[in-house]
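K.L.:
Submitted below is the structure of interest, expressed as structure tokens.
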Amino acid sequence: MNENSEEINIDLEPISIDREDLDFLRDLAKERKIEYFNIRFAKGKMTSFSLLKKITKSSSIGIGKGFSIQAFTKGGYGFAVGYKFNKETITETFHNAADLAHWSAQFVKSPFSIQQTDDHKKEYVIPQKISIGNTSPDKKMQMLLEIENEAYYDPRIKSTNVNYSDLEVENIIYNNFNRFVRLKNSWVFFILQAIASDGNRQEGYHVSHGRIGGFEALSDALGLGHKAAESAIELLDSKIAPGGKFNIILDPMLCGTFIHEAFGHTAEADGVISGESILSEKIGQKIGNPNVNIVDNPYLETWFGYLPVDSEGTETQKTQIVKNGELINFLHSLETSSRMGCEPTGNGRASGFSSLPQVRMTNTYLEPGDSNLDEMLSELKNGLLCVNWKYGYVDPIEGTHQFKMAKAYKIENGEKTQIYRDAAISGLTLDVLNRISLIGNKIEYDAGYCSKGGQHVPVGSGGPYVMLKNMIIGGR
Amino acid sequence: MNITQNTCEIIELFEDGFFEAQARRIFSILKQKSSIKHIEIYATASKSTNVNFEAGFVKDAHQKTTAGIGLRIIDSEGREGMTYTSDFSDYALQLIVNYAEKMMKAATPNPYFKDLAYPSKSYHFVEDIYDPNLEFICPEDINDILQPIFNLKERDLVPKALSGGFSSSVGGTFIWNNNGISIWEKYSTANVSAEVSLIRANMTSSGFQWQSFCNLKEIDTNKVAEESYLMALRGLKKTTVETKEYPVVLSPLATAYFLIDPLTTCINAERVQNQMSFLGEYLHQDCFSHNLSIRDDPHIPGKLGTESFDAEGVPTKPLLIVEKGVLNTFYHNTFTAGKENIESNGHASRSGYNSPVGISSNNILVDPGKQAKDDIIAEIKEGIYLEYSGDTPNYITGDFSGLIMTGYLIKDGVLGSSLSETMLGVNLLDAFRNIEELSREREWIDEALVPWTKLRNIKISSR
């Protein structure tokens with residue numbers, strides 16, 4: 001590292017900082033009576049394209065670098081951000097964070113300590129089969145146009161909207177326990193919306209795809225233009241969903257959103273500690289039917305929540321949250337595990353270097369059961385088959401949740417009949433896991449960005465088809 | 001204790017001409033390139049201070065500055081390349097110039113692009129959107145500001161959870177282009193929020209409230225504390241209702257998020273031109289209730305939506321969006337206006353130096369009605385009061401089905417129990433047509449001044 005000088009090599013050359021360069025911060029922490037700190041460096045490049053009706057609305061490349069320091073003492077945190085990777089700026093930023101931590105600590109009523117982490121130095125590199133950096137913008141644009149063009153197979157498709165982004169970022173995480181982690185991460189995310197019109201009505205349908213890794217991920221998106229267009233055209237015959245109580249089957253995409261929103265967020269330990277989760281007092285208790293098993297698993301390499309190490313430098317792990325209907329674990333960061341006296345689960349994630357790590361999910365899913373869809377439709381007999389999602393949200397305090405489905409089919413005598421649009425499902429978390437009756441035998445997943453406290457992180461969510469009894473559907 | 005260095009070097013970046021110098025450096029590199037016809041620099045810088053609390057006590061404090069430059073270049077066939085950086089070194093600036101060229105070459109031609117904005121003599125610079133007190137605010141000040149929320153711990157029914165925070169930001173926006181625009185404007189924001197959770201007889205309820213203004217003096221933390229606590233208290237008695245149609249009264253919060261936000265989203269000309277708006281076919285049509293008139297005013301002192309120029313440097317101006325039920329206009333930037341061979345009406349937006357150009361609203365003013373809100377509620381024998389739904393409509397069709405996150409049963413003219421597992425479904429065009437009354441009282445919800453609104457015949461589904 002250059003001392004007292006500006007580092008200018010920013011085009012994805014490795015960050016030229018090593019563990020020894022940061023040793024001085026541990027002495028500084030002792031001097032400033034800081035019990036715990038972490039410093040997180042990032043340097044990255046993001047490419048984005050936005051297309052409307054096959055015309056570029058925006059094509060951009062952004063480059064950036066910076067670092068943040070989170071300082072902790074006696075239960076109080078301070079957080080400050082810097083941009084120049086030199087000793088002078090790092091020292092100054094450390095003092096800012098330390099001042100803020102001491103200030104915060106004076107108000108803390110229940111002080112706690114951050115548990116020690118192992119002293120180690122590790123490097124993680126997300127493999128890219130096709131290098132994002134070596135793929136030209138022309139090639140990227142060509143593939144996007146190819147996927148977008150698929151949508152126009154039918155003259156009823158009047159408009160399309162494509163958004164693509166890829167990111168290559170190098171992170172360094174270092175803390176006062178001498179843990180030094182270097183992570184070279186990369187991902188691709190793609191979303192397409194097709195608009196269909198028959199002259200009287202217009203309908204839209206969106207599809208998305210995201211993968212941690214290299215540009216090869218976009219190959220998986222081939223065919224999505226056609227898929228979105230097909231559903232948009234199908235929705236031209238849709239009716240508004242009737243409101244009321246129904247027995248329903250969720251498809252794997254909606255099941256994933258349901259598990260993520262209705263349950264996953266309430267299992268994040270920061271909300272548990274602050275009294276803002278309906279699950280606060282439920283550990284060790286039955287909260288669902290015995291066939292309900294829920295997992296957070298960052299090791300699934302093809303899912304968008306794949307993550308070998310979290311933003312605090314903790315190696316990630318597969319966490320069984322619900323086993324046979326019993327709540328057995330929460331998801332933890334270093335802080336929440338310290339406060340609750342357990343091991344961190346590697347779920348401390350920040351959306352960028354200038355944001356604080358929060359407890360976040362990675363890939364969360366309902367484990368498969370033993371039913372197939374035909375059996376489930378036959379058992380349902382009359383009700384709704386709910387397909388794909390638009391969005392979802394949760395109030396973890398009251399345990400209410402809501403998802404908007406992309407489409408639904410009326411099921412009559414076990415057969416799909418009328419298609420419905422814009423239906424919403426609502427329920428209470430502690431009630432709804434008991435309404436799961438049948439669980440499908442094949443799991444599928446979806447990619448998306450999860451938003452919490454203004455931060456968006458890539459996550460995967462999934463599950464099999466699942467049947468729920470007596471659910472409230474919002475419609476007209 | 002002096003917590004931080006209380007200088008505001010961020011504003012000095014603008015005042016000292018730092019960004020203009022950067023723009024000229026970039027221009028000097030680019031002007032050699034004959035393929036580039038249009039050049040635009042968009043720079044932002046801000047300094048923010050945040051304090052978050054948990055269980056009614058300060059938990060952490062943050063301070064950070066951000067600054068960056070976004071460059072757009074466009075060739076004679078409308079191909080656009082954009083780059084951005086938060087690094088102002090020579091190397092980084094050279095790099096973004098190179099990247100911009102690469103991206104411009106990769107883009108498709110855009111026959112609809114006409115030109116960037118030109119300098120104007122009609123910029124209306126408004127006072128009071130920058131509060132110098134926020135330049136030097138420190139955590140001690142914020143702790144004092146938050147005390148009314150912390151004092152909720154002294155209530156008879158003590159909150160189970162009490163979280164939220166205060167954040168402030170000072171900053172500015174600079175725009176330069178090769179048509180001669182070189183302008184900047186500074187702004188500030190202050191925001192306070194609280195979320196309260198109460199438990200009584202095994203029933204849990206939450207309440208929230210927030211305020212955002214340009215000036216610290218307008219923040220009323222007592223109101224935030226009281227209203228968030230009251231919302232949680234009201235939620236402790238829950239009920240469900242029979243599934244059927246009811247008259248619905250929207251609070252100002254619900255009016256802003258359920259009615260006004262979708263409307264301003266769907267009069268975005270980009271959505272309209274690409275068949276993504278349920279209002280696309282209704283320009284100059286009598287499509288809303290006749291008691292509805294809505295204006296967009298970007299020049300109200302001290303309001304969050306106030307600005308002298310839009311994100312392309314086009315002067316902003318007041319617009320009458322809806323006049324007695326008739327939809328008068330769509331929001332345009334130079335691109336959407338160019339497509340229709342009209343002038344932009346100054347609604348280009350960017351969320352930062354790294355974001356592409358979009359379209360957004362400024363301050364929205366819904367004309368008040370004549371009745372008092374209490375009288376509107378008092379006349380309802382059986383109805384629903386919607387305080388808040390977290391849902392958004394289908395912008396293409398206008399269909400809405402959403403959860404009543406916070407709402408109450410109105411019985412014999414009085415607000416009663418809180419609603420549980422209750423949902424509302426309507427097409428927004430019908431909702432706008434079914435506006436029966438607007439209250440004479442109005443409240444600011446972020447950038448919108450809105451009344452209470454009564455709708456007739458809305459389908460409510462409940463367990």
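The values are calculated or read from the model by the stated rules, or taken from the named source; none is laboratory data. All values reported here derive from a predicted model rather than from experimental measurement. Backbone-built Cβ (ideal geometry, glycine too); neighbour counts: all protein chains shown. Each accessible area value is taken on the protein alone, full model and side chains, heavy atoms only, with ligands, DNA and RNA left out. Shrake-Rupley method; radii C 1.70, N 1.55, O 1.52, S 1.80 Å.
K.L.:
Using packing as a proxy for protection, rank B:403-409, A:108-114 so that the peptide with the highest average count of other Cβ atoms within 10 Å comes first.
P.N.:
So the order, starting with the most tightly packed, is B:403-409, A:108-114.
K.L.:
With contacts defined as alpha carbon pairs under 8 Å and 6 or more residues apart, what's the relative contact order of region B:388-463 in percent?
P.N.:
On the way: 122 pairs, mean separation 19.7, N = 76.
Here the relative contact order equals 26 percent.
K.L.:
Additional query: Considering only C-alpha atoms, what is the centroid distance from region A:244-283 to region B:149-226, in Å?
P.N.:
Distance between centres, Cα-based: 27 Å.
K.L.:
Cross-link list B:Lys37/B:Lys102; A:Lys227/A:Lys452; A:Lys239/A:Lys404; B:Lys47/B:Lys186: which exceed 20 angstrom alpha carbon to alpha carbon?
P.N.:
Numbers: B:Lys37/B:Lys102 15 Å; A:Lys227/A:Lys452 30 Å; A:Lys239/A:Lys404 15 Å; B:Lys47/B:Lys186 12 Å.
Those over the limit are A:Lys227/A:Lys452.
K.L.:
Hey, another quick one. Work out, step by step, the length gained on full extension between A:Thr91 and A:Ser378: first 0.36 nm times the residue separation, then minus their alpha carbon distance; give nm to one decimal. Each step should come with its number before you reach the end.
P.N.:
Values: separation 287, 0.36 × 287 = 103.32 nm, distance 6.68 nm.
Length difference between fully extended and current span is 96.6 nm.
K.L.:
For the interface of chains B and A, what total accessible area is buried with a 1.4 Å probe, rounded to the nearest 100 Å²?
P.N.:
On the way: alone 20740 and 19890 Å², together 33420 Å².
Protein heavy atoms only, the B-A interface buries about 7200 Å².
K.L.:
Still on this structure, I have one more. Return the sequence-ordered ³J(HN,Hα) values of region B:274-291 in whole Hz as given by the Karplus equation 6.51 cos²θ - 1.76 cosθ + 1.60 applied to θ = phi - 60°, using x for Gly and Pro.
P.N.:
Once θ is set to phi - 60°, the couplings for region B:274-291 become 10, 6, 10, 9, 6, 9, x, 9, 10, 4, 6, 9, 7, 10, 10, 4, 5, 8 Hz.
K.L.:
Remind me, what semi-axes does the protein assembly as shown give for its equivalent ellipsoid, largest first in whole Å, using sqrt of 5 times each Cα gyration tensor eigenvalue?
P.N.:
Values: eigenvalues 296, 243, 191 Å².
Sorted largest first and rounded, they come to 38, 35, 31 Å.
K.L.:
For chain A, what is the calculated [θ] at 222 nm in deg cm²/dmol (nearest 500), taking -39500 (n - 2.57) for each run of four or more DSSP H residues and dividing by its residue count?
P.N.:
Working: 9 runs with 85 residues, N = 476.
One gets -5000 deg cm²/dmol as the mean residue ellipticity at 222 nm.
K.L.:
For chain B, what is the calculated [θ] at 222 nm in deg cm²/dmol (nearest 500), taking -39500 (n - 2.57) for each run of four or more DSSP H residues and dividing by its residue count? Kindly include the intermediate steps, with their values, before the conclusion.
P.N.:
Values: 10 runs with 92 residues, N = 463.
Value at 222 nm, helices only: -5500 deg cm²/dmol.
K.L.:
On to the next question. May I ask for the angle, rounded to the nearest 10°, between helix B:18-30 and the longest principal axis of chain B, with both axes built from Cα atoms and the value confined to 0 to 90°?
P.N.:
For helix B:18-30, the angle is close to 50 degrees.
K.L.:
Which percentage, to the nearest 5, of the DSSP beta bridges contained in chain A is antiparallel?
P.N.:
On the way: 121 of 136 bridges.
Beta bridges within chain A, antiparallel portion: roughly 90 percent.
K.L.:
Short version: which residues of region A:438-476 lose at least 30 Å² of accessible area, all chains versus chain alone, 1.4 Å probe?
P.N.:
A:Ile472, A:Gly474, A:Gly475, A:Arg476
K.L.:
In region B:377-424, which residues become less accessible by 30 Å² or more once every protein chain is in place, relative to the chain on its own, using a 1.4 Å probe?
P.N.:
The answer is B:Asp391, B:Thr392, B:Asn394, B:Ile396, B:Thr397, B:Asp399, B:Ser401, B:Leu403, B:Met405, B:Glu421, B:Met423.
K.L.:
For region A:411-476 and region B:344-367, what is the separation of their C-alpha centers, rounded to whole Å?
P.N.:
35
K.L.:
Under a straight-distance cross-link criterion of Cα-Cα below 21 Å, which lysines are reachable from B:Lys454, leaving out those fewer than 8 residues away in the same chain?
P.N.:
B:Lys244, B:Lys324, B:Lys370, B:Lys373, B:Lys381, B:Lys411
K.L.:
Per the Debye formula with a single identical scatterer at each Cα and no solvent contribution, what log10 I(q)/I(0) holds for region B:237-463 at q = 0.16 Å⁻¹?
P.N.:
Relative scattering, expressed as log10 I(q)/I(0), comes to -1.08.
K.L.:
Distances over 32 Å make up what percent of all Cα-Cα pairs in chain B? Spell out each step's value before the answer.
P.N.:
On the way: 51297 of 106953 pairs.
That tail contains 48 percent of the Cα-Cα pairs.
K.L.:
Next up: Rg and Dmax of region A:36-154 over Cα atoms: what are they, in angstrom?
P.N.:
22.3, 66
K.L.:
Report the Stokes-Einstein translational diffusion coefficient (µm² s⁻¹, integer) for region A:19-235, Rh taken as the Kirkwood radius over Cα pairs, at 25 °C with viscosity 0.890 mPa s.
P.N.:
On the way: Rh = 20.4 Å.
Calculated translational D: 120 µm²/s.
K.L.:
Normalised by the residues of region B:1-110, what does the relative contact order come to in percent, with Cα pairs under 8 Å and at least six apart?
P.N.:
Values: 153 pairs, mean separation 23.4, N = 110.
For region B:1-110, the relative contact order is 21 percent.
K.L.:
Ignoring ligands, DNA and RNA, what percent of the accessible area of region A:94-150 is carbon or sulfur (1.4 Å)? Mind showing how you got there, number by number?
P.N.:
Values: 1340 of 2950 Å².
So the carbon and sulfur contribution to the accessible surface is 45 percent.
K.L.:
A follow-up question, please. How high is the relative contact order of region B:237-463, given as a whole-number percent (alpha carbon pairs under 8 Å, six or more residues apart)? The partial results should precede the final answer.
P.N.:
Working: 578 pairs, mean separation 69.2, N = 227.
Relative CO of region B:237-463 lands at 30 percent.
K.L.:
Still on this model: Take peptides A:305-316, A:322-333 and line them up by average Cβ neighbours within 10 Å, highest first, as a rough protection proxy. Provide the component values of the computation, followed by the final result.
P.N.:
Values: A:305-316: 24.4, A:322-333: 20.4.
Packing order, densest peptide first, comes out as A:305-316, A:322-333.
K.L.:
Compute the accessible area per residue over the protein assembly as shown, keeping the other protein chains in place, probe 1.4 Å, unit Å². Spell out each step's value before the answer.
P.N.:
Values: 33420 Å² over 939 residues.
That works out to 36 Å² for each residue.
K.L.:
Would you work out what percent of the accessible area of region A:239-474, with all protein chains in place, is carbon or sulfur (probe 1.4 Å)? Please report the intermediate quantities before stating the final value.
P.N.:
Values: 3340 of 7420 Å².
On region A:239-474, the fraction of accessible area on carbon and sulfur atoms equals 45 percent.
K.L.:
List for region A:76-105: residues with 20 Å² or greater reduction in accessible area, all protein chains versus chain alone, probe 1.4 Å?
P.N.:
Buried on complex formation: A:Tyr77, A:Phe79, A:Val81, A:Tyr83, A:Glu92, A:Asn96, A:Asp99, A:Leu100, A:Trp103, A:Ser104.
K.L.:
List every residue whose amide H lies under 5 Å from the amide H of A:Glu444, counting only residues 5 or more places away in sequence or on a different chain, with H placed 1.01 Å from N in the peptide plane.
P.N.:
So A:Glu444 has HN proximity to A:Gly463.
K.L.:
Determine the share of region B:237-463's accessible area contributed by carbon and sulfur atoms, expressed in whole percent, with a 1.4 angstrom probe. Walk me through the numbers before you get to the answer.
P.N.:
Numbers: 3350 of 7580 Å².
Percent of accessible area from carbon and sulfur atoms in region B:237-463: 44.
K.L.:
A follow-up question, please. Considering just Cα atoms, how many Å³ per residue does the convex hull of region B:32-127 enclose?
P.N.:
Numbers: hull volume 19.7 nm³, N = 96.
Measuring per residue, one finds 205 Å³ for the Cα hull of region B:32-127.
K.L.:
How shielded is B:241-249 by partner chains, expressed as the average number of their Cβ atoms within 10 Å of its Cβ atoms?
P.N.:
The per-residue average across the peptide is 1.
K.L.:
Starting from the residue with the highest accessible area, list A:His456, A:His120 in decreasing order, probe 1.4 Å.
P.N.:
On the way: A:His456 100, A:His120 30 Å².
Most to least solvent-accessible, the answer reads A:His456, A:His120.
K.L.:
Working from Cα positions, state the angle (0 to 90°, nearest 10) between the long axis of helix B:221-234 and the longest principal axis of chain B.
P.N.:
Tilt relative to chain B: about 50 degrees.
K.L.:
Once both axes come from the Cα atoms, what is the angle between helix B:90-106 and the longest principal axis of chain B, in degrees from 0 to 90, rounded to 10?
P.N.:
Helix B:90-106 sits roughly 80 degrees off the main axis of chain B.
K.L.:
With only alpha-carbon atoms in the gyration tensor, what are the semi-axes of the equivalent ellipsoid for region A:239-474, in Å, largest first? Intermediate results must be reported in sequence, preceding the final value.
P.N.:
Working: eigenvalues 188, 59, 52 Å².
Computed over region A:239-474, the values are 31, 17, 16 Å.
K.L.:
Right, something else. Could you state how much accessible area A:Tyr420 has, in square angstrom rounded to the nearest 10, with a 1.4 Å probe and all protein chains kept in place?
P.N.:
Taking all protein chains as shown, A:Tyr420 has close to 20 Å².
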